[in-house]
Each structure stands twice: as C-alpha cells, then as structure tokens.
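Here's the structure we're looking at; comments come further down.
The values are calculated or read from the model by the stated rules, or taken from the named source; none is laboratory data. Treat the numbers as computed from the prediction; the structure is a model and nothing was measured. Cβ coordinates were reconstructed from backbone atoms using ideal geometry, including for glycine residues, and neighbour counts include every protein chain displayed.
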Amino acid sequence: MRFQYLLQLLLCVSLFTLAESGWTWYKIWKVARNYSQKESSKWGVWRSWGWRFDYFGKNKCNLFVYDVLNEAGAKAPNRKPGKTSPIGANEWANPRSTYVKNTGCYRVVSFRQKRGGDIIAFGRYKTSGHVGIVSIGGEYISAGDYRVVEKSIPRNSSSIFRTTVWRYTC
C-alpha cells in the first residue's frame, strides 16, 4: 500500500515536471514528423508559399520550420516583428542571432544535447544554409527540393561551416 502511494506521488511529480517544462518540443517534432510521413510537397522549390510568390523557385527549409513552429504553437522568429517575415537558414545557424534571441524562447544547446523538436541549422558557404527539426535516431526533418524528408544529420561536410542547435524553452 505504501509502495503504491509512493509510486503515485512519483508519477504526479514527474507529470508536473513535464507539464512545467512544456510539451511544445513534442508538438514541434510531431507536426514536422506528420509532414515527413505524408511526404508533403507544400514547401517544394517550385511551389509558392501561401500567397507569397516571391518564394517561387527557391528553397523553403526556413519557411517549413517557420510554419511548423507556428502550427505547434511556438514563437517563430521574424525579421520584422508583427509581420510574416521568417528568418533564413544561415540566420538560424548564427548562435548569436538577435532575431531568435528576441523571441525570449530559445537557447543554444550543444550538438550532443540535441533532442527531438530542437531546431538544427547548418551555416553553409556560398548558399543560404539549411535548417530543419531534429527527429530521432540521428535524423532531422526538413523541406527538400520536392518534399519534406527525414534523413541523417550531416556531419563533417566541407560545405558546412557551422551547425547550431536551438531548443525551444517557452
């Protein structure tokens, strides 16, 4: 009887701790994973982004992350507060990004500390970089040229000059 009471108390404390730390990381991962499993082409290169045709013919990994964050109820960084102006992948790769920090909801974690739902960004030479959502098993989810994909996190690529992992904390 006493053991059962202690077990229930431990369960309540654990659930309170999880609720306190928020479930948003799980929502971020789950939303991204759903798009990956559906192989969504919504963010494909040859698609517009909503009513914004200026993104037609361009990579939209940053727009995928922006939309996933919003759908999960998280604050997504904007270049122009109050407007729909998502930051680019190389800005996500900047560990000192004022756009990300100004949300008050993200902190940089080490690559080894990454977990599902974190934002992972790759600063690249001569391109706009790449950004996605950390998944499980050493993979991440991002918008590719034609559809949302889940693939291995790149390591030791000569084109990547920086990998930054952001954790949502609100």
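Per-residue answers, yes or no, for (1) in contact with a strand residue (DSSP E or B) (Cβ under 9 Å, 6 or more places away or on another chain); (2) modelled with pLDDT under 80; (3) not in a loop (DSSP other than H, G, I, E, B):
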| position | (1), (2), (3) |
| --- | --- |
| 27 | no, no, yes |
| 35 | yes, no, yes |
| 39 | yes, no, no |
| 42 | yes, no, no |
| 64 | yes, no, yes |
| 82 | no, yes, no |
| 95 | yes, no, no |
| 99 | yes, no, yes |
- Message: Could you check segment 129-168 and list, in sequence order, the residues that are closer than 20 Å to residue 107 by Cβ and either among the aromatic types (Phe, Trp, Tyr) or touching a His at 6+ places or on another chain (Cβ under 6 Å) (or both)?
- Response: 140, 166, 168
- Just for segment 154-170: of the residues that are more than 14 Å from residue 77 (Cβ to Cβ) and of a type in the set (Val, Ile, Thr), which one is surrounded by the most Cβ atoms within 10 Å (Cβ to Cβ)? 165
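Considering only residues that are of a type in the set (A, V, I, L, M, F, W, C) and touching a strand residue (DSSP E or B) at 6+ places or on another chain (Cβ under 8 Å), look in segment 70-80 and name the one that is farthest from residue 22 (Cα to Cα).
Among those that are of a type in the set (A, V, I, L, M, F, W, C) and touching a strand residue (DSSP E or B) at 6+ places or on another chain (Cβ under 8 Å), it is 76.
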- Query: For segment 152-166, how many residues are in a strand (DSSP E or B) and in contact with a Gly (Cβ under 8 Å, 6 or more places away or on another chain)?
  - Reply: 6
- How many residues does segment 112-134 hold that are among the aromatic types (Phe, Trp, Tyr) and assigned to a strand (DSSP E or B)? 1
